[in-house]
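Below: the structure, in structure tokens.
Values in this text are rule-based calculations from the coordinates and carry no lab data. Note that this is a predicted model, so its numbers are computed, not measured. Glycine gets a Cβ as well: all are built from the backbone with ideal geometry, and neighbour counts include every protein chain shown.
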Amino acid sequence: MCIRQEEYAVDTLVIIAITVVAVEVIVLYRAHRRAEVASAIRDSPSQARRWVERLGGQVYTLEPKDDAAARQALADAAERFTSAGAQIEQSTSQEQYRLAEHGKLGRLTRSRLAVPRCGVCF
């Protein structure tokens, strides 16, 4: 009977050791995920601002000359640039920054419509 109790004691210790290791793995994984999310949140504003600066660069470096359509396209792009900056400043979550960045990519594409009309070739 003494041998059987020792076997149960060893089995119990093995189960406890496996449980402790599993809990440690879960805790470490969750800490790693939290760090990744925190890093992504820290990077979101700078990435979104980069696109706003790029849009601003397009808006303020082009000259529409005498073309009314190009002048209007650049005025629209300037308005979008202003609203994009405000949208970024009001963003507080990674999802809001992602949406702001997505909107800016569309605005940047539309501002490029004025580029050929301004006599600029890339």
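Loop-located trypsin sites (Lys or Arg not before Pro) in segment 11-99 (DSSP state other than H, G, I, E, B) with a sparse environment of at most 14 neighbouring Cβ atoms within 10 Å: Lys65.
Compared with the direct C-alpha span, the chain from Val10 to Asp76 gains 16.2 nm at full extension, assuming 0.36 nm per residue.
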